[in-house]
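The values are calculated or read from the model by the stated rules, or taken from the named source; none is laboratory data. On a predicted model such as this, the values are computed, not experimentally measured, just so you know. So basically every Cβ, Gly included, is an ideal-geometry build from the backbone, and we count neighbours across all protein chains shown.
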Amino acid sequence: MNAPLIQVLPNDVAEKIAAGEVIERPSSAIKELIENSLDAGATRIAVILEEGGKTLIEVIDNGAGMGPMDLTKCLLRHATSKLREMEDLERLHTLGFRGEALASIAASADVSILSRLQGATDAYELNGTSGETRKITFGYFLDKESGTRIQARDLFSKIPARRKFLKSNRSELMAVQEWMERFALSHPNVSFQLTHQDKLIFDAPAEPLEKRIQRILADGQSFPLQSHTQNEPGMTLYWLQGLSLPSTRKLVQIVNGRILKDRLLQQAMLSAFRQALLPGQFPALLLKMEVPPNEIDVNIHPTKTEVRFLRSQDVFRSVQSLAEQLIAHHGSTGYVPSASQEWTASEPRLFFPTSAPSSFTPSPGASSIPAFQSELPLATFSSPTDGTTVVLTESHPLPQLVFRGSVFQTYLLFEESEKIWMVDQHAAHERIRYEELQKAVFQTDTPPPSQELLLPEAIRVDALMMKRITERLPLLERMGFVADPFGENALVFRSIPAYWGDQNLTARLTGLVSRLTEADVVRSKLELDEALFEKLASEACHSAIRAGDVLEPEEAKAVFYRLFRCQHPWNCPHGRPTLVQVPRSRFEEWFQR
C-alpha cells in the first residue's frame, strides 16, 4: 500500500506561509501596525526605519496600550480585541480585526513589544522569540502616558525566500511613505512622523483635512482645493484643481476611515476626468465615503485594501455622478505659463456660462464654422464700431472680453480686465465639434444632418470582417452616415454627416471603419454607448478649424462663446488644453515693471 501523499503541514511552516499573505514587504507590516495604533486611539504615531525597513521597523504610539496578560496573547494567530462573535463582522468600526497582523510579523521577523496601560505604574516588554514578559519601571519613553512601541528586526529573516524579493531601500521607503501619507489623509486629527536612518522624512502634525490635503497631495504648493458633497451615500470628493500626475499615486479612497485601493472606486473617480486631462495624466483626488458597515465586506483580502459593496453599481454611479458634479460646479483651473515656460495653476480658474441667449443673428463671415444651427446658436454679440467686443450674457461670470487678434494664425487673444485669454483655435473647435455631435447623437431622436456625396466613396475591408461590419452599420447611421456593403470586401459610403467635411475623406473613412471593426460591442445589444462614440467621433475632429486658418473677428468670437457652452471646455477630445490665461502681473514681471 502506497504511503499517503497528503500531509498536514507543521504549524511553523503553515504560519510562515500565511504570514506571506499578510506581510509582503515593510510597508504592509507598517500598515498593519498603524491600523492597530489608530484602533487603540492614538493621536501621535512615529515610525522609525533602517534600510527601508529591512533591518528595523519601529512603530511608537500613544494609544491605550496593553497590560501583561494582553501582551502574552497578542502574538497568537487570530487573537484580536476587535471581534467577539460572527455578527460583529457586520458592524465593524475598526481598521484591524482579523487577528493576523502581529502573528504574521512575528513569524517573519524578531519582534519585541513594549506597552503601558493608561494610569498604570509599570510598563511591560514582550520578547516575541522567547515569549517572555518583563516589567520595566524606569528609563522608558512612555513614563508619563500610555502607549505601545513595537520593534520588528530583520524582516523575512525567518523566510529567506521572501527576503530576496524585497526591492531597494529607496523603493521600500517610498512605499512606506505612501502608506503613511494616506493614513495622514484618512486621520487628519493624528500626527504622523517617519524617520529613516535617523533623518526625518515625513512630518504631518494634526490639522484640518483641507490643510492636510494641501500638505500631502499638493506637496505644499498652492493649488485651488475644490470639493463637492453628496448625501446618498454620504461622500465628499476633494480635487486639487490644476494638478495632474503621470500616475495614480494621488488618487486616494477612504471608506469608513479605511484606506482602499479599490478598482471600482478608481474607475468611477476617473470616468469624469477622461477628457479633462492629457492622456496618461491623472488628477489629484480624495474620495471620502461613509457607508453602513453591513453594506460593505472588508474581509475579502488578507491586506484589507479591497472591499465588496453590497450595491456596487449604485456606489459606482454615485461616485461617478459626484465627480461629474464637481467638474460642473468648479470648471477647470486655467493653466498659466510662467517665465520658465512651465505650466502652473496658481491663477483663477475657467468658468461655465450659467445661461445662454435664446436667439441669435449670425454675423457675416461666420458661415465657415459648421454648426448644428437648430441645436446650438453661434453667439449674441454687441455691435460696437470696432466690432471686437464679446458680450456673453449678464449672468455670465465673464461678461465682456475684447478680441485683440491672433498670433501665429493659431492662438486667439482676448483681453478681460487684468488678464489675457489665449485660445488654441483648432483644439477649441475640436471640443465644440465633439460635444455638438455628442448632443445630436444622444439627446435627439434623429441622426445629425447628412450630405450626399457626389461620388460615393468605396472603402476596402477585410472579407472576414464584412459580416461584423454589416451588423454594426446602424451605429454609423446613428451618427449620420449612410453606407452599404459592396461585394465581399468593400463598403460604399453614400452620405456623410454635414459636419464631417471632405478633407482626406478616404483615409478618415478607412479609420472610422477600422475603429468600428475593433470596437468591443455585444452582438445581442448593438448600442452606441459613450465609450464607442468616443472612438468613432474622434475622426470628426479632422474637419475642425485648423492651425493656420485665418478667422475673422466674428468667427473668433463665436469659437470663444461656443467653447464656453461645452461641458468640458478646457481640453480638446484628445486631452490637449484649449486655452490658457496670463495675468497682467505676469507681463509686468517679465518686463520688470
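Of note:
- The lone exception for Tyr124 - which of (1) buried (at least 22 other Cβ atoms within 10 Å of the Cβ); (2) under 28 Å from Ile254 (Cα atoms); (3) without any contact (Cβ under 8 Å) to a residue 60 or more places away in the chain it fails: (2)
- Within the range 399-422, residues that are free of Cβ contacts under 8 Å to residues at least 60 places away in the same chain have Cβ atoms under 7 Å from residues that are among the hydroxyl-bearing types (Ser, Thr, Tyr) in these pairs: Gln400/Thr389; Val402/Thr388; Val402/Thr389; Leu413/Ser406, counting only partners at least 6 apart in sequence or on another chain.
- Selection count, the range 205-239, where residues are in contact with a helix residue (DSSP H, G or I) (Cβ under 7 Å, 6 or more places away or on another chain) and part of a strand (DSSP E or B): 8
- Taken residue by residue, the range 452-469 has no member that is in contact with a His (Cβ under 8 Å, 6 or more places away or on another chain) and either more than 22 Å from Val559 (Cα to Cα) or in the same structural domain as Phe408 (by TED's automatic domain parsing) (or both).
- Number of residues in the range 405-445 that are farther than 16 Å from Phe564 by Cα and either among the acidic types (Asp, Glu) or in the same structural domain as Leu476 (by TED's automatic domain parsing) (or both): the value is 2.
- Residues satisfying the stated conditions in the range 181-208, i.e. under 17 Å from Leu251 (Cβ atoms), in contact (Cβ under 8 Å) with a residue 60 or more places away in the chain and not polar (S, T, N, Q): Arg182, Phe183, Leu185
- Conditions (1) surrounded by 19 or more Cβ atoms within 10 Å (Cβ to Cβ); (2) at pLDDT below 85; (3) not hydroxyl-bearing (Ser, Thr, Tyr); number of the one not met by Ile300: (1)
- Filtered by the rule that a residue be out of contact with any Asp or Glu (no Cβ under 9 Å at 6 or more places or on another chain) and either at pLDDT below 80 or more than 19 Å from Ala498 (Cβ to Cβ) (or both), the range 434-457 gives Leu437, Val441, Asp445, Thr446, Pro449.
- Restricting Glu527, Glu555 to residues that are modelled with pLDDT of 80 or more and either under 30 Å from the mean Cα position of the chain (by Cα) or surrounded by 16 or more Cβ atoms within 10 Å (Cβ to Cβ) (or both) narrows the list to Glu555.
- Residue check for Pro160: assigned by TED's automatic domain parsing to the domain that holds Leu126 and more than 24 Å from Glu35 (Cβ to Cβ): yes
- Criterion: modelled with pLDDT of 65 or more, part of a strand (DSSP E or B), under 11 Å from Ala556 (Cα atoms) and under 35 Å from the mean Cα position of the chain (by Cα) - qualifying residue of Phe403, Phe414: Phe414
- Subset of the range 242-278 [outside any loop (DSSP other than H, G, I, E, B), modelled with pLDDT under 80 and either touching a helix residue (DSSP H, G or I) at 6+ places or on another chain (Cβ under 8 Å) or surrounded by fewer than 17 Cβ atoms within 10 Å (Cβ to Cβ) (or both)]: Leu245
- Any pair with Cβ under 6 angstrom, 6 or more apart, that starts in the range 233-250 at a residue that is under 16 Å from Glu324 (Cα atoms) and ends at one that is basic (Lys, Arg): Thr236/Lys288
- In the set (1) within 27 Å of Pro293 (Cα to Cα); (2) at pLDDT below 90, Lys135 fails one condition alone, (1).
- Residue identified as at pLDDT 75 or above, surrounded by fewer than 19 Cβ atoms within 10 Å (Cβ to Cβ) and either in a loop (DSSP other than H, G, I, E, B) or within 25 Å of the chain's Cα centre (by Cα) (or both) among Val492, Val522, Val550: Val550
- Test for Thr94: is it in the same structural domain as Gly41 (by TED's automatic domain parsing), at pLDDT below 85, in contact with a Lys or Arg (Cβ under 7 Å, 6 or more places away or on another chain) and surrounded by fewer than 22 Cβ atoms within 10 Å (Cβ to Cβ): yes
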